[in-house]
């Protein structure tokens with residue numbers, strides 16, 4: 001699936017997406033999160049250095065970096081994984097938002113992104 005199509009589905013919280021499972025079902029789907037963050041990374045790389053960014057993408061990156069930590073950080077949100085997993089995932093979303101908006105990765109050029 002094309003990354004922009006995947007992100008449009010995610011940012012619209014369609015069924016079967018990471019964001020689509022968070023709010024109504026309170027489910028953090030690790031595989032869906034991985035698909036989301038990898039697509040976000042590829043889009044960051046593709047859009048780096050552009051002067052203009054599509055508003056829907058900017059809003060989606062912002063939403064992920066702002067809403068996901070707030071929603072999943074609630075005491076009642078089920079977190080079966082170790083706390084470090086969620087902290088790393090939230091940090092990843094914030095790093096990706098920064099990269100997308102500024103056009104510059106917060107890491108060195110040949111940084112190896114560890115799997116989350």
Ordered by packing density, taken as the mean number of other Cβ atoms within 10 Å over each peptide's residues, highest first, how do 52-63, 25-36 rank?
25-36, 52-63
Counting each DSSP H run of 4 or more residues in the chain as -39500 (n - 2.57), what helix-only mean residue ellipticity at 222 nm follows after dividing by all residues, to the nearest 500 deg cm²/dmol?
-19500 deg cm²/dmol
So what's Rg/Rh here for the chain, counting alpha carbon atoms and using the Kirkwood radius for Rh?
0.95
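All of the numbers you see were taken from the coordinates with simple rules; none came from a lab. Since this is a predicted model, take the numbers as computed values, not measurements. With ideal geometry, Cβ positions are generated from the backbone for all residues, glycine too; neighbour counts draw on all protein chains shown.
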